[in-house]
Structures are given as C-alpha cells and as structure tokens.
1. Would a scan of segment 315-326 turn up a residue that is at pLDDT below 90, open to solvent by less than 70 Å² (accessible area, probe 1.4 Å) and more than 12 Å from the ligand (Cβ to nearest atom)?
2. Condition first: within 14 Å of the ligand (Cβ to nearest atom) and either charged (D, E, K, R) or crowded, with 23+ Cβ neighbours inside 10 Å (or both). Now tell me which residues in segment 400-423 satisfy that.
3. Could you please let me know if ALA244 is farther than 30 Å from PRO66 by Cα, in contact with a strand residue (DSSP E or B) (Cβ under 6 Å, 6 or more places away or on another chain) and modelled with pLDDT of 95 or more?
4. Those residues that are open to solvent by less than 10 Å² (accessible area, probe 1.4 Å), farther than 19 Å from MET283 by Cβ and in contact with a Leu (Cβ under 6 Å, 6 or more places away or on another chain), I need them from segment 21-39; list them, please.
5. Just to be sure I understand the filter: pairs with C-beta atoms under 8 Å, separated by 6 or more residues or on different chains, first member in segment 307-325 and under 19 Å from LEU281 (Cβ atoms), second member part of a loop (DSSP other than H, G, I, E, B). Which pairs pass?
6. For the structure I just gave you, tell me whether ALA56 is open to solvent by less than 10 Å² (accessible area, probe 1.4 Å) and modelled with pLDDT of 95 or more.
7. Considering only residues that are within 11 Å of the ligand (Cβ to nearest atom) and either open to solvent by 10 Å² or more (accessible area, probe 1.4 Å) or in a strand (DSSP E or B) (or both), which ones fall in segment 383-398?
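The values are calculated or read from the model by the stated rules, or taken from the named source; none is laboratory data. In this text, all values refer to a predicted model and were calculated from it rather than measured experimentally. Glycine gets a Cβ as well: all are built from the backbone with ideal geometry, and neighbour counts include every protein chain shown. Side chains included, ligands, DNA and RNA excluded: accessible areas come from the protein's heavy atoms. Shrake-Rupley method; radii C 1.70, N 1.55, O 1.52, S 1.80 Å.
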Amino acid sequence: MSVVGKSLQEKVNLLAQYPQTGLSLKQLVYFGQDQKPGRLFRSGLFLRDELPIRLAHRIQDLQKLPPLLGEMKRISAVRAAYARSMEEIIDLKGIELPKCLPKHKRYPKAPKWRASFFHNFVQHNPSLLDTHLDSSRGRYFNIDFSKPCTGEEYEWPESLHKFNIDFSRLLDTIRTRHDNVASELALDIQEYRRKTKKIDHSIQVFLDRFYMSRIGIRMLIGQYISLVSEPPRENRVGIISTRANILRIIEDATESAKFICRLSYCLFEAPPVEINCDPSLHMMYTESHLNHAVFELLKNSLRATVEYYGVDADSYPPVKVLVVKGEEDITIRISDRGGGFSRKESSVVWSYMYTTAHETLSDDYTDTMTAASSLPPMAGFGFGLPIARLYTRYFGGDLKLVSMEGYGTDAYIQLNRLCESAEPLQ
Ligand SMILES: Nc1ncnc2c1ncn2[C@@H]1O[C@H](COP(=O)(O)OP(=O)(O)OP(=O)(O)O)[C@@H](O)[C@H]1O
C-alpha cells in the first residue's frame, strides 16, 4: 500500500488509521547497539514508516480542536509544519532508496502487528491504567529487529551509507522546523483561555497526547541522528546513557534551579538544597529527560520556599532530595517546607496553564522545552508540572505530589529501572 500520490488529507486519514508503535528504552538501546550501515538503514526504514503515522495522528488531533482554537495563527502554522514534515518523510524528499535491497513492505495489515518480539520486551506502565495515555495497544513491526541484519557480514554498498546520512539530514531539518512548536502551541492556548476563560478537559487531554507524542518523535529522531552521525561511545547508545549517574543529573538541575531562583528574587543565596543520593547510583536513561523533571520540581520548591518565608528572610529551610533504589523503581523524593497547597488546588496543579505566578508567557518566549541554553522563567507558564510528568511517564515512570497545606510539599519521581515500558502514545 503506497501513500505517495494521494492528496494530503487522504494521506492523513489513511496513516492515522494505523496505531503508533511505541518503543521501550530497552528496545532503543538494543537497536542502537550496532551502528553498522545495515542496521541503521533498517532503523531508518522503521522511522520512515513510523514517523508519518505519528505525525498524521497529531494532524488529525489538531484538526479536531474547537474551531476558535484550531484556526488560530500559530496552531495553523504548527499543523502545516506537521503536514509538511509528514509529506517530506513519505516522499523521502531528495533521497533515493538503495536499489540493491529488496523493497520492504510498508504498513502491513493488522494481524501482523503483534510481533512476539515486542511483547517479550515490553511491560506496561501501571501509572497509566486510568489515564488517556496508553502503552498497551496493538503494535506492528514490519522489520524484525530481533533477527540479525541480513548480510551483516557484507561490505555495505555506498548507496546504503548515503541513504543513512541523507535521511538523518532530512530528519534534522524536520527537527529544527519543530523546535518552537511547544511554545507556539502554548501561546495560542493561552490566548484561547483569555478569550473563553476556560480550558476544558478535552484540551487537557489533547495537550497531554500532543506533548507526549512530541517527546517521542524528538526522542526517535534524536536517537537516529546521533547513531548515524556520532561514533560509538562508552556507556552511551545514541542519546541514551546506559549508565546515567543520578546524583550528577540532580546536581546539575539543582545548580540551574538555584541560579534562576537567585535571579528571579534578586537573592544573594537561593534556599539550600540537600541531596542524599548514593554517588555511584546509575541507570539506563536519557539524562536530559530526568534533568528536566528534577529541575521543574526544584524550581517549584525553591519558589514556594522563598515566597512562604519572604524574600527578606534571614535564612530558609532546605529543600531535601532523597534518592532510593528499589527492585523496580528508583525513586527521587523532593521535599520542601514552602507551605504546600490546598486539597482544592491539588486537583488543578496538573492542569496546563494553571499557575499562581503573576508573570505570563510573552510572545517572544522561546521554546523552553528544547532550548538548553536559555533558562525558562521561575514560574508563570503553568506547564511545568504536566510536562515534567510526561517526561517521567515516557519511559515507564511517574511523578506524584503530596502536599501538606501549611507545611510543605513532597514530590516523588519514580523511574522504572526495568526500562521495558513502551512509549505511551495515543
Ligand atoms: N512545591 C510546591 N509548593 C507549593 N505550590 C506548588 C509547588 N509546586 C507546584 N505548586 C503550585 O502548582 C502551580 C503549577 O505549577 P507548574 O510547575 O505547573 O507551573 P508554574 O511553576 O506556575 O509555571 P512554570 O510552568 O513556568 O513552571 C504553581 O504555580 C504552584 O501554585
């Protein structure tokens, strides 16, 4: 079944019928261990099938938004960017598929989706049982990665190598095109809320799905580009660290959070952060994801502490970070004494756009979810908690908050050590 030649809407309708194929951290590492051109080529073919399907799902979601929101300027531009990227991947813009290899079958029918390989390697995230995110749907694999790559011992034809490079360049262009999507969407949602005075549940669900999908697409693209363009490195498979040091990640996030806390409140010193973590503790993970989640939580804790005790306080109680390794999970608890929040608030803190900060997002705001160089403001986005939770859930973990109103808040990040949960997509 070919999608080339169909109209854009036909392509979207067709591809969105196929379920997305969620991968687990373990699978990504397994596929990426071998950086030979043949294996990279097969990964490229997988992406060439999978990415248009994921993009088509998101285009359909964007098309289903209430007209007042869906027709806003930035959201229309985001939809157009998704469509353009989908078409470029389908058409392999300017790229030739090597002729020396048999044509692979594209978009196989439903019964073939359930490859035993997938089920042997994947467990489902128990935190997602009652949510709209799902890691247990039917999958397909038209390329069986469990078998060794055909012709592994061959000398790879130049055209295969060229395809890998060209395809990774195309994906890089697409990744750059989508750099600001998260903040563009947020700006229009914010404007929509200003107009309608509400963000209903269906939009929260849409945002969860959209941002989770975005994390996944960027993960797959980043992983492929890294494997194609960078030499193998110790303890690293693409952008995944096979021995991510938990203490170092927490320390980095602490430094950034304290830095913006000092800047925001013009403090000489931010509240202290005490970290209790085995320095040798490590796990397979994407460091930037964990850094993002810990940073968001520390930022909230530092803000709560400073605002509860006042900017003129002589000293502040420490924010305490405790890390414990269990059989299944590594849990990071971040405890502050910043006064907590009420039970009424606990139902809305996970809502996009919910914030008690006075600053709001401005139009020239850059993409805080991707730009490593520019630090976000202390608060005001109202996206911190929901996005941090998506990052933890992406690889089978979770994020929970327990507040003791009048005292403080405990945040728990649970990281799945087994690394066998599939990306929760819908
Ligand atoms: N540790 C905490 N103590 C007290 N209140 C908290 C804490 N963490 C979060 N909150 C409340 O939840 C709200 C939402 O937090 P969230 O991180 O989603 O957004 P934000 O911090 O306001 O803005 P940003 O998206 O820029 O981080 C905060 O504005 C705050 O009122």
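1. no
2. LYS400, GLU405, THR409, ASP410, ALA411, ILE413
3. When the stated conditions are applied, ALA244 passes them.
4. Residue satisfying the conditions is GLY22 alone.
5. Short answer, once both residue conditions are applied: VAL321/CYS277; LEU322/CYS277; VAL323/CYS277; VAL323/ASP278; VAL323/LEU281; LYS325/ASP278; LYS325/LEU281; LYS325/ARG417.
6. Yes.
7. Hits for segment 383-398 are GLY384, LEU385, ARG389.
Every residue, every condition in (1) closer than 14 Å to THR254 by Cα; (2) outside any helix (DSSP H, G or I); (3) within 15 Å of the ligand (Cβ to nearest atom); (4) under 21 Å from the mean Cα position of the chain (by Cα), yes or no:
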residue	(1), (2), (3), (4)
SER280	no, yes, no, no
MET283	no, yes, no, yes
ASN300	yes, no, yes, yes
GLU307	no, no, yes, no
ALA313	no, yes, no, no
